[in-house]
Amino acid sequence: MTQSKALPQPIRFIKGGVLHTLHDVPPDRTLLEVLREDLHQTGTKEGCGEGDCGACTVVVGYLQGGKLQTHAVNSCIKLAHSLDGMALWTVEDLAAPGGRMHPAQEALVQCHGSQCGFCTPGFVMSMAALCEQAGQKPITRESAQQALSGNLCRCTGYRPILDAACQMQALPPMPLDSPALRQQLKALAKSVAADAASTRSAHPAYLAPTTLPNLLALRQAHPDAQLVAGCTDVGLWVTKQHRQFARVLDTTRVEELRQVDRYPHHIAIGAAVSLQDAFAALVKDRPQLQSFADRFAGLPVRNAGTLGGNVANGSPIGDSMPLLIALGSHIVLASTRGYREMPLESLYTGYRQTCMAADEVLAYIKVPRPQRGALARVYKISKRTEDDISAVCLALQLQIHKGQVTHASVGAGGVAATPARARATEAALRGQPWTEATVRAAMDTLRAEFSPISDMRASGDYRRQVLGNLLWRFWLESQGQFATDIHRLDLELQA
Ligand SMILES: Cc1cc2nc3c(=O)[nH]c(=O)nc-3n(C[C@H](O)[C@H](O)[C@H](O)COP(=O)(O)OP(=O)(O)OC[C@H]3O[C@@H](n4cnc5c(N)ncnc54)[C@H](O)[C@@H]3O)c2cc1C
Ligand code: FES
Ligand code: FES
């Protein structure tokens with residue numbers, strides 16, 4: 001595979017109130033490498049190098065509608081060029097000039113939340129992001145747990161760390177946001193846009209278009225460029241497989257792909273919407289999905305990763321796809337030739353293979369709004385509750401009218417080479433009375449429908465067994481909890 005030689009453009013970002021401009025950074029260099037090796041700022045640590053431990057957590061900031069948005073992300077799997085035009089905070093940037101510590105740091109000291117200290121900079125950054133986002137809203141144990149779901153500590157234990165997170169707000173605040181920073185970011189955005197316009201014909205090594213037509217034109221001109229979104233899958237190809245990319249095409253600045261649009265019959269989620277925002281949109285329609293959303297990776301990965309990246313990557317153990325299949329979602333592929341729409345499951349042609357052409361990108365995921373009387377659930381089975389990949393995932397949506405199943409859609413993950421639709425099981429349910437006998441028969445069908453492999457996460461037999469058990473769980477839950485769901489939905493539809 002050959003690619004024309006392209007020069008990297010500079011990376012500009014505000015760190016510690018100062019504009020940094022870095023030259024000649026290769027397009028596949030990670031932010032952590034830049035911090036530790038180029039800037040010699042070694043406060044940010046490297047643990048796993050794959051987004052799992054949180055030792056490398058930093059906070060990034062950008063303006064949206066004039067407001068500063070801040071997110072904790074993993075610098076080990078973030079490409080440095082994706083930072084162009086943003087603000088960055090590492091553990092070196094939090095204390096006030098006189099040395100007064102940020103409330104996140106002070107609270108950790110007061111609560112004895114650190115021992116060897118290796119994980120501490122990462123925890124501090126996740127806590128600083130939480131403090132910033134909470135503002136006046138109280139930080140609860142639950143919100144602290146969510147914010148720290150991507151940080152591991154091997155020696156202190158989490159109780160004092162969570163105590164510290166809950167106590168930060170009792171200390172004098174030190175906001176990251178300020179009018180001066182917003183001014184700096186505005187000025188920076190102007191110069192980034194001007195540079196992009198002047199170098200457009202040069203096609204540099206890191207391409208970050210801001211409109212869909214530009215993205216599609218660049219995709220057509222550079223089919224060999226590595227397409228990236230949040231880089232939470234691709235980052236591991238760099239850090240673990242040592243893959244190198246001569247040119248990268250980043251989708252995350254494309255305005256059209258960063259939006260969630262709500263229509264009467266569906267919501268359209270842009271492929272570059274973060275997992276966190278995409279799940280928030282899904283949960284708005286179906287609150288029962290919240291606990292599933294919270295179990296997708298940890299917060300820094302959900303902040304950086306996108307729904308489009310999950311779907312396009314096509315992993316058989318990707319979590320969003322079984323759910324999206326069960327909800328009857330469609331995807332829209334785009335190229336300079338036009339758009340094509342298809343049911344999500346039709347995207348996959350084999351193990352990590354899709355029918356996307358070399359000049360196409362995934363543009364939107366269209367998810368139907370809930371129907372009255374629909375029962376929808378998704379179950380994820382993994383070894384750890386938080387921050388773990390599924391061994392099996394099963395999602396079901398049933399429509400029951402006068403005791404009969406009038407519609408059934410079932411999506412499954414971890415049981416085949418691709419995310420799959422359980423068509424035989426759907427047929428076994430459709431038109432049948434919603435009774436224990438129907439469910440028991442459908443459990444047998446579901447267990448026979450797939451031939452899952454055995455691997456380090458689970459044996460094939462276990463996966464088959466669990467599939468059926470999850471359908472049984474759905475049946476049991478339908479006897480109680482669903483009545484509440486339907487009642488709530490009915491009230492909403494009447495309102
Ligand atoms: C610590 C950790 C935990 C994780 N936990 C989970 C989990 O619990 N469940 C789960 O399902 N996944 C998990 N993942 C995997 C990953 O976070 C998701 O797959 C994520 O959604 C990928 O999105 P991204 O934007 O980062 O994609 P990227 O890494 O940027 O891209 C992934 C692939 O999608 C392609 N792509 C991206 N956008 C488009 C587009 N618009 N059109 C066409 N192709 C595109 C890229 O070319 C690439 O091939 C985890 C990852 C990490 C590091
Ligand atoms: S080093 Fe472990 S998450 Fe980055
Ligand atoms: S203090 Fe040692 S790993 Fe957390």
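List of remarks:
- Unmet criterion (only one of (1) within 12 Å of ligand 1 (Cβ to nearest atom); (2) buried (at least 19 other Cβ atoms within 10 Å of the Cβ); (3) of a type in the set (D, E, K, R)) for K45: (1)
- Close pairs (9 angstrom Cβ cut-off, 6 or more residues apart or separate chains): farther than 17 Å from P209 by Cβ in region 73-88, in a strand (DSSP E or B) and within 16 Å of ligand 3 (Cβ to nearest atom) anywhere: V73/T57; N74/T57; S75/T57
Residue-by-condition table, conditions (1) within 16 Å of ligand 2 (Cβ to nearest atom); (2) farther than 22 Å from V60 by Cβ; (3) more than 13 Å from the chain's Cα centre (by Cα); (4) basic (K, R):
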position: R262; (1), (2), (3), (4): no, yes, yes, yes
position: V273; (1), (2), (3), (4): no, no, no, no
position: V301; (1), (2), (3), (4): yes, no, no, no
position: G314; (1), (2), (3), (4): no, yes, yes, no
position: L324; (1), (2), (3), (4): no, yes, yes, no
position: V332; (1), (2), (3), (4): no, yes, yes, no
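- Any hit, region 210-229, residues being away from ligand 3 (no atom under 16 Å from the Cβ), closer than 14 Å to V367 by Cα and of a type in the set (K, R): no
- Which listed residue, of P103, P97, is surrounded by fewer than 16 Cβ atoms within 10 Å (Cβ to Cβ), away from ligand 3 (no atom under 16 Å from the Cβ) and farther than 27 Å from Q241 by Cα: P97
- Residues (surrounded by 13 or more Cβ atoms within 10 Å (Cβ to Cβ), assigned to a loop (DSSP other than H, G, I, E, B) and of a type in the set (G, A, S)) located in region 135-179: S149, G150
- Residues of region 427-447 classified as surrounded by fewer than 22 Cβ atoms within 10 Å (Cβ to Cβ) and under 32 Å from the mean Cα position of the chain (by Cα), total: 2
- Within region 206-324, helices (runs of 4 or more DSSP H) holding 1 or more residues that are touching a Phe, Trp or Tyr at 6+ places or on another chain (Cβ under 7 Å): 275-285, 290-294, 299-304
- Flag if S126 is outside any helix (DSSP H, G or I), closer than 29 Å to T385 by Cβ and either of a type in the set (V, I, T) or touching a residue at least 60 places away in the same chain (Cβ under 8 Å) (or both): no
- Leading residue by the ranking (farthest from ligand 3 (Cβ to nearest atom)) among those in region 106-123 that are under 17 Å from D163 (Cβ atoms) and in a loop (DSSP other than H, G, I, E, B): C111
- Where a residue in region 224-243 is within 14 Å of L307 (Cα to Cα) and modelled with pLDDT under 95 and its partner, wherever it lies, is more than 6 Å from ligand 1 (Cβ to nearest atom) and part of a helix (DSSP H, G or I), with Cβ under 6 Å and at least six apart: none
Each row is one residue, and each column tells you yes or no for (1) surrounded by 13 or more Cβ atoms within 10 Å (Cβ to Cβ); (2) outside the structural domain of L282 (by TED's automatic domain parsing); (3) within 14 Å of ligand 1 (Cβ to nearest atom).
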residue: N313; (1), (2), (3): yes, no, yes
residue: I317; (1), (2), (3): yes, no, yes
residue: P322; (1), (2), (3): yes, no, yes
residue: I325; (1), (2), (3): yes, no, yes
residue: H330; (1), (2), (3): yes, no, no
residue: R337; (1), (2), (3): no, no, no
residue: Y348; (1), (2), (3): yes, no, yes
residue: Y351; (1), (2), (3): no, no, yes
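- Residue check, R457 surrounded by 13 or more Cβ atoms within 10 Å (Cβ to Cβ) and either of a type in the set (D, E) or part of a loop (DSSP other than H, G, I, E, B) (or both): yes
- Among the residues making up region 180-205, those that are within 29 Å of A225 (Cβ to Cβ), assigned to a helix (DSSP H, G or I) and not charged (D, E, K, R) are L185, L188, A189, S191, V192, A193, A194, A196, A197, S198, S201, A202.
- Qualifying residue in region 106-113 (condition: more than 16 Å from ligand 2 (Cβ to nearest atom), in contact with a Leu (Cβ under 8 Å, 6 or more places away or on another chain) and not assigned by TED's automatic domain parsing to the domain that holds A196): yes
- Residue satisfying condition, being within 30 Å of V192 (Cα to Cα), surrounded by fewer than 20 Cβ atoms within 10 Å (Cβ to Cβ), more than 11 Å from ligand 2 (Cβ to nearest atom) and at pLDDT 95 or above, within set E132, E50, E92: E92
- A278 passes every criterion in (1) crowded, with 18+ Cβ neighbours inside 10 Å; (2) of a type outside the set (D, E); (3) not assigned by TED's automatic domain parsing to the domain that holds T306 apart from (3).
- Residues located in region 11-42, provided they are surrounded by fewer than 22 Cβ atoms within 10 Å (Cβ to Cβ), part of a loop (DSSP other than H, G, I, E, B) and touching a residue at least 60 places away in the same chain (Cβ under 8 Å): G16, G17, P26
The values are calculated or read from the model by the stated rules, or taken from the named source; none is laboratory data. If you're wondering where the values come from, they're calculated on a predicted model, not measured in any experiment. Please note: Cβ atoms are built from the backbone with ideal geometry, for glycine as well, and neighbour counts cover all protein chains shown.
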